[in-house]
Amino acid sequence: HQYPGRMVNITVVVKNNGNMYETFNVTAYRNSTEIGTILVTDLGIGENTTIIFQWNTTGLTPCQNWTISAEAPIVGDINPSDNNLTDGTVKIKMIGDVNADGVVDGEDIAIVIYAIPSFVGHPRWNQQADLDNDGIVDGVDVAITLAKVGLKCI
């Protein structure tokens, strides 16, 4: 679950199951919309590599789930069925819906208050409670949650 306007890392591991070194593009998608394409160069026989796509969720409507997939088409591949993978969903949630249950309410406020004061690396750090995305959970995050109380996903 992620808030709109944040970056989401999409990790893809590709493996060369063929019998020659391969250079190919890997494209990641949210539903049918392209997130990005990364070139993999000279991947050795039997080797794998991990690539990370950064998906900017700015402008996406909250309360929606996005199906994540990747494809790596290779010209002349005799077994192209293993070149595509759909694996999981990412829900874009409303700002303030810390627990991602579709409503901003007292449970969300309690989660934010519990995380005060905290920062990255602190024992009570909760990235989801950092609503203004400044690396600190504080009173500003409580105020943001309070302002959103009552909002619901339709």
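Quick notes on this structure:
- All positions within the stretch 96-106 that are out of contact with any Lys or Arg (no Cβ under 8 Å at 6 or more places or on another chain) and over 14 Å from Ile144 (Cα atoms): Asn99, Asp101
- When Gly18, Gly36, Gly5 are checked against the criterion of being out of contact with any His (no Cβ under 6 Å at 6 or more places or on another chain), surrounded by fewer than 17 Cβ atoms within 10 Å (Cβ to Cβ), under 17 Å from Asp82 (Cα atoms) and in contact (Cβ under 8 Å) with a residue 12 or more places away in the chain, Gly18 stands alone in meeting it.
- Residue within the stretch 8-15 that is open to solvent by 80 Å² or more (accessible area, probe 1.4 Å) and over 21 Å from the mean Cα position of the chain (by Cα) present: yes
- All conditions but one from (1) touching a Phe, Trp or Tyr at 6+ places or on another chain (Cβ under 6 Å); (2) within 30 Å of Asn16 (Cβ to Cβ); (3) open to solvent by less than 40 Å² (accessible area, probe 1.4 Å) apply to Ile68; the one that does not is (1).
For (1) out of contact with any strand residue (DSSP E or B) (no Cβ under 8 Å at 6 or more places or on another chain); (2) open to solvent by less than 20 Å² (accessible area, probe 1.4 Å), each residue gets a yes or a no:
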{"site": "Thr49", "(1), (2)": "no, no"}
{"site": "Phe53", "(1), (2)": "no, yes"}
{"site": "Asp77", "(1), (2)": "yes, no"}
{"site": "Pro80", "(1), (2)": "yes, no"}
{"site": "Leu85", "(1), (2)": "no, no"}
{"site": "Lys93", "(1), (2)": "no, yes"}
{"site": "Ile111", "(1), (2)": "yes, no"}
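- Considering residues of the stretch 1-26 that are of a type in the set (S, T, N, Q) and in a loop (DSSP other than H, G, I, E, B) only, the residue farthest from Thr61 (Cα to Cα): Asn19
The values are calculated or read from the model by the stated rules, or taken from the named source; none is laboratory data. Since we're looking at a predicted model, the values are computed, not measured. Note that each Cβ is placed from the backbone with ideal geometry, even for glycine, and that neighbours are counted across all protein chains shown. Each accessible area value is taken on the protein alone, full model and side chains, heavy atoms only, with ligands, DNA and RNA left out. Shrake-Rupley method; radii C 1.70, N 1.55, O 1.52, S 1.80 Å.
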